[in-house]
Structures are given as structure tokens and as C-alpha cells.
1. Can you pull out the trypsin sites (Lys or Arg not before Pro) in segment 146-246 whose DSSP state is coil and whose Cβ has at most 14 other Cβ atoms within 10 Å?
2. May I have the pair-distance distribution P(r) for segment 138-256, computed from all Cα-Cα distances with 5 Å bins from 0 and rounded to whole percent?
3. Normalised by the empirical 2.2 N^0.38 Å for globular proteins, what value does the Cα Rg of the chain take?
4. Just need the Rg to Rh number for segment 64-203, please, alpha carbons only, Kirkwood Rh.
5. In nm, to one decimal, how far is the modelled label at Thr205 from the one at Glu103, with both set 7 Å along Cα→Cβ?
6. What spacing in nm lies between the two simple spin-label points modelled at Asp174 and Ser52, each 7 Å away from Cα in the Cβ direction?
7. Calculate the tail of P(r) for segment 107-161: the fraction of all Cα-Cα distances greater than 15 Å, expressed in %.
8. Just from its helices, what would the mean residue ellipticity at 222 nm be for the chain, if runs of 4 or more DSSP H residues each count -39500 (n - 2.57) and the sum is divided by every residue, rounded to the nearest 500 deg cm²/dmol?
Amino acid sequence: MSGTPVQTPRSGRPPRGEPILERAFRVLGAFTEAGEGLTLHTLAARAGLPKSTTSRIAAQLTGVGALERRDNGDFVVGLQLLEIASLAPRGHGLRAAALPFMEDLHRVTGQHILLAVRDGDEAVLVERLSARDSAAVKYRVGGRLPLTGTGIGIALLAHAPERVREEALADANDAALLRRLMAAVRTEGVCAMTVPNPLRSGPTTMSTVAAPILDRHGDALGALSLVAPDEAATRAAAVRTALRTAGLAISRAVGR
């Protein structure tokens, strides 16, 4: 899943006194795939709300443009949300500074180039330049990625607050490996790794090299990564240097 699943109460009813705004976001959070259309029944089931409540909230969200309704009755995410989300400073400002460097990397390597920011214990993808002839990647713009198990997540995690790092290490399947990868980010400026492909189709593994984008205090503003099916493409010294250099250049551009 590229979105964050909604936690459904066992009773199927919202907690007593739950604010309407929280219920509205539960309805919006039911959408997890780009262009996805949901029936009222599915929307209510995913949001963990009664159909009558979901119908009322969905109608209100449709009225303000946050949702739209197709001719067949299915609900889809509305353009009003895109307009508002595009103004998010942590995504839009960083994206504007990073895009020229991402385009250069994309043109030279012919591989997927990703840009993400940290949100709590997850990463949110704010831009992706896709390679037409390369293997498909799972994560969409706006989708969430784990901080552990992905190169771009580890690049963010290496410069996250200590509390976030310790929680990630406590939950990691291989804490020693995670420590080594984070140490590589802090000392070498990049993280390179090969992991199982989360998609059923395509190659069995995907490789990535990622670099953090830091502010003047050394905290992560975001991270940049290259994703390729060929491990050699991400292990090459030239690729590591290019990612590290791009991360530094974006940091300077954001500072300006």
C-alpha cells in the first residue's frame, strides 16, 4: 500500500465524541491508490464509519471539492485537494529547488529519481521522475514509504532526531545493518542497498543509492534517491558522487 491504512475500530463505529474533522480525514485516508474510485460501501468500510455517517461526510467533502463523484456513483479524490497540497512548503519549496538537479540525474542515468521528506516515522514521496524503459517502482507521489528498508528512508533516518532513530532501531529486523547504513549516510553522504522488489512483476530485487538534503544545522530537509533494477548502476562510484553532489547543491539552493 502506498498510503497509510486507516485503523478501523472493532465496533465499526467512530469513537464517541470524535471530531467531525478527524472523521473527514478518515474518509479521505481511505484512498490509497492514484485515480482510485471507491463505492460508498468500500469508503465506509475502509474509514471504519457507518454508511450513513460516511455518506454525509462524503457529500460535504464533495460540496467543497475535496472529493468528486463519478457517473457510476464512485467517489474519487477531488482537484481541490491537489491545489491545496501543492502549496505545502516542505514539499513544494524543496521540490522547486530539487527539480533541476533531479532532471539532470534522470537524463544522465536513465533511471528513476525520487525526492522525499520525513513525516514522523515515515517518508512521503513529493516528486518522482520515472524512467520509461526501466522497471516499474511501487511508490507514487504523495505515497508513504518506510524509513527502514528503503534507501531514501534511511537517508532521512540518519539525520532524524535521536528519538526517531532509536524507535526505528528497536523495531528493525536487523538493527546492526540499519546502524551501518545510517553511519554510511553520515560519513560518506550516501546509502546504497539492494532490497526485494515490493512489486510482484519485474525483477526480484531493486537497488538504490540515496543522499540526504540537509539544512545548515545538519538536519534532514529531505532526501534524494536513484532506483534501478541493476545493482551495478547504484554501486558505481560516479553514481554515488552524483547523488551526493546533487544533495549538497539542493541544500545550498534551499538555503538561498
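1. Answer in residue order: Arg200, Arg216.
2. 2, 12, 22, 24, 21, 14, 5, 1, 0
3. 1.09
4. 1.01
5. In this crude label model, Thr205 to Glu103 measures out at 3.5 nm.
6. According to this spin-label approximation, the distance is 5.4 nm.
7. Every Cα pair in segment 107-161 considered, those over 15 Å come to 46 percent.
8. Result for the chain, helices only: -13500 deg cm²/dmol.
The values are calculated or read from the model by the stated rules, or taken from the named source; none is laboratory data. Since this is a predicted model, take the numbers as computed values, not measurements. Note that each Cβ is placed from the backbone with ideal geometry, even for glycine, and that neighbours are counted across all protein chains shown. Accessible surface areas use protein heavy atoms only, side chains included; no ligands, DNA or RNA. Shrake-Rupley method; radii C 1.70, N 1.55, O 1.52, S 1.80 Å.
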